[in-house]
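Below is one structure, written out as structure tokens; comments come after it.
Every read-out reported here was derived from the displayed coordinates using simple, explicitly stated rules and does not represent laboratory data. Everything numeric in this text was worked out from a predicted model, so none of it was measured. Here the Cβ positions follow ideal geometry from the backbone for every residue, glycine too, while neighbour counts run over all protein chains shown.
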Amino acid sequence: MTALPPSISSRAARKSLSRERLSREQVEQFGAELDALRERTLADIGEQDARYIKRIYAAVRYTGALGRGLLFFGIFPPAWLLGTLLLGISKILENMELGHNVMHGQYDWMNDPRFDGKTYEWDIVGTGDNWRKTHNYSHHTYTNIKGMDDDVGYGVLRLFPEQRWRPFFLGQPLYAVIFALFFQWGVAIQDIRLGRYFAGRMTGAELREEFRPTGRKMRRQLLKDYVFFPLLAGPFFLPVLLGNLVANGLRNLWTFMIIFCGHFTANVEVFPKSIIKNETRGQWYLRQLRGSSNLTGSKLLHIMSGNLSHQIEHHLFPDIPARRYAEMSKEVRAICRRYGIFYNTGSLVSQFSQVIWRILRYSLPSKPVKLDGKMLMAD
């Protein structure tokens, strides 16, 4: 097996190594090592993990309550700023470290209805049921497979040269900014597939029926943040409304940045549909790793990102409590080094700059790139 030389620093060289083909035997050995890591971690999950998620749950409630309380005095700028910040932190924690991870079933073993992945409903306009379908199933099963994983560009952006260019994409630097500001709304309508309606493959009645659960959730969220709490503040209606709007915006921007850094950096790869034909466990692991990227940073960054700063480990082990990813990443990286597999990680600034580069570069025409269905393994 080829070790990853520490001297490799150029992007081209790293890309070459990341596409190095392993033998079938090596791929399966690689998968077996990751399976063993998964089993060791599962065997150790217990009370510490339960205490952790309960503390996160409490932090979401307390920061949210304090933030909303301060917004009631929002006519005073310091109170408004602090209240908005605390409410934004609460919404980010609920979205990333609580809701996303709970809905993956990471804490189902606790048998606590507050942390039941099948029934949890989070504080965004999208429904939990839609997310469990588009994300937990589609994205995590068909990660970065063109035409099967809707997260490849979210139907709005061209982020890989393998995607066919159309004049529409010339405006994607603007679309990306709009998408970031309204990210929760994009997540909400992802499963509705409006393209089918505009293409004439869905009737208006069918669209209304499919949209009904999402519409109810949207209405409930809008009334809560922009009617109920502002009215509760009486004469401070406008500061509270504006504070809620900014807090939601902060969450949208942060979530967009973290998710895009985990999926669309320079060395992340996209795959053809043929890749899943007779795909083994080892090949699935390898595809997850080559379709992901990590972020380096502080413990606070990891918590505020829902540990999606360890996107590689999340794609490899989506039902393991995310607080375990930091420790698991050390062993995953060592395993990758033994097999000569590039482990994609970098700072938030470095990784997000690569995302911006992709958005700008692939908004322009480029020579089509044919997907290689054999890229993961040598013949």
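With an a/c value of 1.5 or above and a/b not larger than b/c for the gyration tensor axes a ≥ b ≥ c computed over the alpha-carbon atoms, region 74-203 is described as oblate. For the chain, taking the reciprocal of the average inverse distance between every pair of different Cα atoms yields a Kirkwood hydrodynamic radius of 22.1 Å. Determine the distance separating the Cα centre of region 287-354 from the Cα centre of region 70-98; give it in Å without decimals. Measuring centre to centre over Cα atoms gives 29 Å.
Please sort by residue number the GluC sites (Glu not before Pro) in region 250-323 whose DSSP state is loop and whose Cβ has at most 10 other Cβ atoms within 10 Å. Spell out each step's value before the answer.
Values: sites: Glu269, Glu279, Glu313; in loops: Glu269, Glu279.
Taking region 250-323 and a limit of 10 other Cβ atoms within 10 Å, no loop GluC sites (Glu not before Pro) are found.
Taking amide H as placed 1.01 Å from N in the peptide plane, the amide H of Leu295 sits under 5 Å from that of His310, Gln311, Gly346, each at least 5 places away or on another chain.
Computed from phi, the 3J(HN,Hα) profile of region 228-245 under the Karplus parametrisation 6.51, -1.76, 1.60 (θ = phi - 60°) reads 4, 5, x, 5, 4, 7, x, x, 9, 3, 5, x, 5, 4, 5, x, 5, 4 Hz, with x in place of Gly and Pro. A helix-only calculation puts the chain at -16500 deg cm²/dmol for mean residue ellipticity at 222 nm, using -39500 (n - 2.57) for each DSSP H run of at least four residues, averaged over all residues. Charged neighbours of Trp165, selected by a Cβ distance under 12 Å, balance to +4 (K, R count +1; D, E count -1).
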